[in-house]
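My questions all concern the structure below.
The values are calculated or read from the model by the stated rules, or taken from the named source; none is laboratory data. This one's a predicted model, so the numbers in the text were calculated from it and none came from an experiment. Cβ: placed from backbone, ideal geometry, glycine included. Neighbour counts: every protein chain shown. Ligands, DNA and RNA are stripped out before the accessible areas are found, and what is left, the full protein with its side chains, is counted by its heavy atoms. Shrake-Rupley method; radii C 1.70, N 1.55, O 1.52, S 1.80 Å.
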Amino acid sequence: MASGQAPAEQTLDRVFYFTHTETPQNLQEVTNIIRAMADIQQSSIDQAKKNLALRGTPGQLVVAEWLLNEIDKPVSGQPATPLSQSPITHDFRDARGRDEVVRVFTLTNPGPRRAFRKSPT
């Protein structure tokens, strides 16, 4: 290591299992959220086994685990639908103790767009 350089952070491999996320589209969407929020570059989904293999730093993997636990929850009484069509809001707080919060909104499909006009007065 050259002087003045910080040591490279150790990377680990970890496999997470989905318990409530069912469809291939939902598996991919949850994976995309986790990768983006935890800043993880290397991942692999096994849809048959419903698992997600990640390679990252210990801090990234802690964030990924927390995210998966927050997102992969049962939806009672409703059939599995793509996350992009489910009304979901999640707040993600920085696991390192900073006061940073990211709010992710996934909105329902509003159906056809309607034109709104100002009523004549």
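How much length would be gained if the chain were fully extended between Thr19 and Asp39, taking 0.36 nm per residue of separation minus their Cα-Cα distance, in nm to one decimal?
Extra length available between Thr19 and Asp39 comes to 4.9 nm.
Okay, next question. Using a 1.4 Å probe, how large is the accessible area of Arg14, given in Å² and rounded to the nearest 10?
Approximately 90 Å² of Arg14 is accessible to the 1.4 Å probe.
Starting from the Cα of Asn32, step 7 Å along the direction of its Cβ; do the same at Ala53; then give the gap between the two resulting points in nm.
Taking the two extended label points, one gets 2.3 nm.
Report, by chain and number, residues whose modeled amide H sits under 5 Å from the one on Phe16, excluding near sequence neighbours (fewer than 5 apart, same chain).
Here Leu52, Ala53, Leu54 satisfy the definition.
Continuing with this model, one more query. Please list, in order along region 28-43, the HN-Hα scalar couplings obtained from phi with the Karplus expression 6.51 cos²θ - 1.76 cosθ + 1.60 (θ = phi - 60°), rounded to whole Hz, x for Gly and Pro.
For region 28-43, the Karplus curve yields 5, 5, 5, 4, 4, 4, 4, 4, 5, 6, 8, 6, 9, 8, 9, 8 Hz.
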